[in-house]
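Before any comments, here is the structure.
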Amino acid sequence: MSAAEISHAIQSIGFLTAFRESSYVYPVVMATHLTCIAVFGGLILATDLRLLGLALTDMPIADVVNGLRNWKRLGFVIMVTMGLLLGTSEMDKYYANPYFQIKMFLILMIGVHAIIFRPRVYNHPEVLDRAPQIPRVAKTAAICSLVIWIAIPCLGRWIAYYEPPKAERDAARAAAGLSQ
Amino acid sequence: MMIYDLNANPLNSNEWAFPLTECFHITAFALSIGTIMLVDLRLLGLGMRHQTARQLVKDTGLWTLAGLIIVITSGLLIFSSDPIHYLYNQAFRFKISALLLAIIYNYTIHRKVAMSGASPAVGMLTGGVSVLLWVSIVFSGLWIAFI
């Protein structure tokens, strides 16, 4: 099976078709996805700014990291659930979209970031507070997080503006067995 | 009479200008709303309980303001790309009303309650209203594209 056929098969799953064609559920899910960026994405930015020593400097790093952790987790789960619905229901359009592909790569990078920096930074924030200065590894974690987390919604926007070359579009539709 | 030529606006003539402005808009609302949510979580008694709401407001105030300035500036630019379309859009009208209300609320009641160390019940009510206001603004912002 080609990528075009797999994508078409995914978005043709009954409830995804219904979801894509619904006039209210689709925008509600998209708005929820966006609201998560505001509410929980903002908490990520605040944590990063604390690690860089730029905001919330009157309070220990441990309080910021531990105090927001569960909320960021909850936000992440909601955001990804909504994103999965939005992405899979329009798989035909997205699978060959380079901005979508970069976005998925960056989402993978969130996992890599966690593997690298969790044991060194986020799991022991009280160690950071005891250090005379914020350790470089914590600042590196914050900068990487800022870059990844700002790039992801930006790419999300860019996905919507991508126009595939017409020949490619027609070939994909033909491969999926759709009329031109 | 001068007629505003939409095509002369770089947002409409440059391929990158519009999405780039939207990126600033999104990042800035994450910053401003996120820092307000930090205070709201405390007011609601749901997070950051080692700090007082007063301390959180003082520590996030500048970032909230910086975010608001960028989000409003980029919002005005986006608005300039097609003013008539936005003015006649019901979701946009709702959004702007809620935004004005939210900004006034944030710098009056919300600030006063957070700074004064009010009772938990008052704090919860104040934080709850704040969350609802800001969430409704993001929601209606997206809705502009769907009506």
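Some observations on this one:
- For segment B:94-145, the set of residues classified as touching a Gly at 6+ places or on another chain (Cβ under 7 Å) and within 26 Å of A:PRO27 (Cβ to Cβ) consists of B:LYS95 only.
- Within segment B:121-147, being among the aliphatic types (A, V, I, L, M), within 14 Å of chain A (Cβ to nearest Cβ) and closer than 20 Å to B:ALA30 by Cα holds for B:VAL131, B:LEU132, B:LEU133, B:VAL135, B:ILE137, B:VAL138, B:LEU142, B:ILE144, B:ALA145.
- Only listed residue being surrounded by fewer than 20 Cβ atoms within 10 Å (Cβ to Cβ) and of a type in the set (A, V, I, L, M, F, W, C), chosen from B:LEU43, B:LEU31, B:LEU38, B:LEU6: B:LEU6
- Tally, over segment A:67-91, of residues that are at the interface with chain B (Cβ under 9 Å from one of its Cβ atoms) and either surrounded by 15 or more Cβ atoms within 10 Å (Cβ to Cβ) or in contact with a strand residue (DSSP E or B) (Cβ under 8 Å, 6 or more places away or on another chain) (or both): 3
- Residues being out of contact with any strand residue (DSSP E or B) (no Cβ under 9 Å at 6 or more places or on another chain), modelled with pLDDT of 95 or more, exposed (fewer than 15 other Cβ atoms within 10 Å of the Cβ) and basic (Lys, Arg) are entirely absent from segment B:94-101.
- When we screen A:PHE100, A:PHE40, A:PHE117 for residues that are within 10 Å of another protein chain (Cβ to nearest Cβ), of a type in the set (Phe, Trp, Tyr) and crowded, with 19+ Cβ neighbours inside 10 Å, the only hit is A:PHE40.
- Test: residue in segment A:49-66 that is at pLDDT 95 or above, within 16 Å of the chain's Cα centre (by Cα) and under 20 Å from A:CYS144 (Cβ atoms): no
- Flag for A:PHE105 being modelled with pLDDT of 95 or more, aromatic (Phe, Trp, Tyr) and closer than 30 Å to A:ALA3 by Cα: yes
- Top-ranked residue of segment A:50-65 - restricted to ones that are touching a residue at least 24 places away in the same chain (Cβ under 8 Å) and more than 13 Å from B:LEU38 (Cα to Cα), ranked as farthest from the other protein chains (Cβ to nearest Cβ): A:LEU51
- Segment A:1-31 - residue that is surrounded by 13 or more Cβ atoms within 10 Å (Cβ to Cβ) and of a type in the set (D, E, K, R) and, of those, nearest to the other protein chains (Cβ to nearest Cβ): A:ARG20
- Helices (runs of 4 or more DSSP H) contained entirely in segment B:1-120, each with at least 2 residues that are facing another protein chain (nearest Cβ under 10 Å) and among the hydrophobic types (A, V, I, L, M, F, W, C): B:17-43, B:53-80
The values are calculated or read from the model by the stated rules, or taken from the named source; none is laboratory data. This one's a predicted model, so the numbers in the text were calculated from it and none came from an experiment. With ideal geometry, Cβ positions are generated from the backbone for all residues, glycine too; neighbour counts draw on all protein chains shown.
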